[in-house]
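I have placed the structure first, in the form of C-alpha cells, so that the comments after it can refer back to it.
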Amino acid sequence: MGYVLDKEGLNRTLDALSEDFLLYAPVRKVGEGRFTDVDVVRYDFVRSVDDIELDAKSDYSFKEILTPLSQTLFYFTEDEVHEAGGLGAPGSPAGTADDRPVIVFLRACDLHAVRRLDQMYLGNGPTDTFYARIRDRVRFALLGCDHAFASCFCLDMGTNVAPEGWLFSLDRAGEGFACSVADDALAPAFAANAQGEKDVTPAHVTENEVHVRVPSKVPNSIYKDPLWDEYDSRCIECGRCCIVCPTCTCFTMQDVFYTDNGRVGERRRVQASCMIDGYTDVAGGASYRKKAGERMRFKVLHKVWDFRQRFGYDMCVGCGRCDDVCPEYISFAAIVNKLTDACECEEAKDE
Ligand code: SF4
Ligand code: SF4
C-alpha cells in the first residue's frame with residue numbers, strides 16, 4: 001500500500017513509529033567534516049524527517065549500527081570471564097539501555113550491503129553471536145534514489161534496485177513525501193496521517209556516470225602485476241576507504257585493563273582496515289603485505305573476485321564512498337577497470 005504525506009503527516013507517522021522503534025538515519029553534521037566549515041553526513045538517531053539528510057549520500061555508511069566501531073565482547077576478572085550481552089549492553093544498537101528495535105533508513109546499494117555483512121558474520125562458518133544479537137533488532141526503511149551521485153556505480157554492480165527486506169520506503173514527492181508500506185503492521189500509522197493513498201514505487205537509479213567492469217577471470221600472474229606498484233607511493237595507508245565502506249568487515253581485538261595489576265578489564269572488537277600498517281603483523285615480528293600496493297591488491301581482489309569465488313556474487317556494491325573519501329584521490333572504480341584490462345591482456349597472451 002502506498003501513501004502520500006505532507007511533512008507534518010510524515011512527522012506524526014515517525015512519532016508513532018518511535019513508540020516501538022528507534023529511528024537511525026543519515027544526518028548532516030554541520031561543520032563537523034574533515035576541513036574547516038565542511039559538513040559530514042553520517043548516521044545518528046532521529047525523531048523527525050527534518051533530522052534526516054535526504055538529498056546527499058552519507059559519507060559514512062549505516063554499518064556502525066551492526067558492527068560498532070568498538071564493541072565489548074567479554075569482561076574478565078582475576079578468575080572469571082563473562083560474555084557481554086543482553087539488551088542495552090555496550091555495543092547494542094543504541095549503545096544505551098534502550099531495548100527497542102531499530103529502523104535504519106538506507107538506500108538500495110546499502111540494503112545490498114547488508115546481505116554482504118550477513119554473509120560474513122552469519123554465513124561464513126559458525127554464526128557470530130555478537131553480530132546476530134544486534135542484527136535481530138535491526139529493520140530497514142528504503143530511501144529512494146531519484147538520481148545517482150557523482151561517484152556511484154551501482155548499475156554495474158547490480159545494486160541499483162533494492163532487494164526485498166524493507167518495511168517501508170521514503171521518497172520526496174513535490175512538496176511532500178510518498179511512502180510504499182510493505183509491512184502491514186505499520187500501515188495504520190501511515191494511513192492515520194496520510195493525505196491520500198496511491199501506488200508508490202520507490203525511485204531507483206537508471207544511469208551512472210561511472211562505469212566499472214569487474215574481471216570474469218583473474219590469472220595468478222595478476223598477483224605480481226606491476227599495476228599495483230603505483231599505490232606503493234600514492235596510497236598513504238590511512239584506511240579511510242575501508243572505514244566508510246558498507247561491506248568492509250576487518251576488525252582487531254583490544255584488551256582494556258581497568259586496574260594497574262592488569263587482571264580486570266574487557267576485550268573489545270574494534271573496526272580496523274586491511275590497508276593500515278600493522279594489520280597483518282603476526283607473532284615473531286613478521287608481517288604480510290608490507291607494501292601499500294600489496295594491500296591494495298588484497299582489498300580490490302577481495303571486493304571484486306575472491307568474495308565472488310566463495311559466495312557467488314561481488315562484495316562491492318558500487319556506493320562510491322571510498323572514492324569520495326580518499327585524501328589521495330585514488331579511485332577504486334578506476335583500479336577495478338585497470339585490473340580487468342590487465343586480466344584480459346593476460347588472457348589474450350595465453351590464446
Ligand atoms: S569498495 Fe568502495 S564502492 Fe565498493 S562498497 Fe566499498 S566503499 Fe562502496
Ligand atoms: S586508498 Fe586512499 S583512503 Fe584508502 S588507504 Fe589509501 S590513501 Fe587512504
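The values are calculated or read from the model by the stated rules, or taken from the named source; none is laboratory data. Since we're looking at a predicted model, the values are computed, not measured. Glycine gets a Cβ as well: all are built from the backbone with ideal geometry, and neighbour counts include every protein chain shown. Areas reflect the complete protein model, heavy atoms only, side chains present, ligands, DNA and RNA absent. Shrake-Rupley method; radii C 1.70, N 1.55, O 1.52, S 1.80 Å.
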Please go through (1) open to solvent by less than 50 Å² (accessible area, probe 1.4 Å); (2) touching a Lys or Arg at 6+ places or on another chain (Cβ under 7 Å); (3) at pLDDT 95 or above for ASP232 and return the number of the only condition it doesn't satisfy. (1)
Look through segment 205-227, keep the residues that are more than 30 Å from ILE65 (Cβ to Cβ) and within 16 Å of ligand 1 (Cβ to nearest atom), and return whichever of them is surrounded by the fewest Cβ atoms within 10 Å (Cβ to Cβ). HIS211
In segment 263-303, what residues are away from ligand 2 (no atom under 16 Å from the Cβ), open to solvent by 30 Å² or more (accessible area, probe 1.4 Å) and either over 30 Å from PRO219 (Cβ atoms) or touching a helix residue (DSSP H, G or I) at 6+ places or on another chain (Cβ under 6 Å) (or both)? ARG263, VAL264, ARG267, ARG268, ALA283, GLY284, GLY285
Open to solvent by 20 Å² or more (accessible area, probe 1.4 Å) and modelled with pLDDT of 95 or more: does that describe ALA141? no
Of those in segment 246-256 that are open to solvent by less than 80 Å² (accessible area, probe 1.4 Å) and farther than 18 Å from LYS303 by Cα, the residue nearest to ligand 2 (Cβ to nearest atom) is THR252
Can we say ALA108 is modelled with pLDDT of 95 or more and farther than 25 Å from VAL212 by Cβ? no
Just one of the numbered conditions (1) hydrophobic (A, V, I, L, M, F, W, C); (2) open to solvent by 70 Å² or more (accessible area, probe 1.4 Å); (3) closer than 30 Å to HIS82 by Cβ; (4) within 14 Å of ligand 2 (Cβ to nearest atom) is not true of ILE243; which one? (2)
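Would you point out the residue of segment 286-305, among those that are charged (D, E, K, R) and within 13 Å of ligand 1 (Cβ to nearest atom), that is farthest from the chain's Cα centre (by Cα)?
LYS299
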Quick check on my filter: what residues within segment 19-29 are free of Cβ contacts under 8 Å to residues at least 60 places away in the same chain and touching a strand residue (DSSP E or B) at 6+ places or on another chain (Cβ under 9 Å)? VAL27, ARG28, LYS29
Any hit, segment 319-327, residues being touching a residue at least 40 places away in the same chain (Cβ under 8 Å), surrounded by fewer than 18 Cβ atoms within 10 Å (Cβ to Cβ), under 20 Å from the mean Cα position of the chain (by Cα) and within 16 Å of ligand 2 (Cβ to nearest atom): yes
Which one of these does ALA348 not meet: (1) closer than 24 Å to ASN220 by Cα; (2) more than 16 Å from ligand 2 (Cβ to nearest atom); (3) open to solvent by less than 40 Å² (accessible area, probe 1.4 Å)? (3)
Being under 28 Å from GLN119 (Cα atoms), exposed (fewer than 15 other Cβ atoms within 10 Å of the Cβ) and within 12 Å of ligand 2 (Cβ to nearest atom): is that true of ALA334 here? yes
Would you mind stating whether GLU164 is under 25 Å from the mean Cα position of the chain (by Cα), away from ligand 1 (no atom under 16 Å from the Cβ), of a type in the set (Asp, Glu) and open to solvent by 60 Å² or more (accessible area, probe 1.4 Å)? yes
On the basis of being buried (at least 18 other Cβ atoms within 10 Å of the Cβ) and not hydroxyl-bearing (Ser, Thr, Tyr), does ALA150 make the cut? no
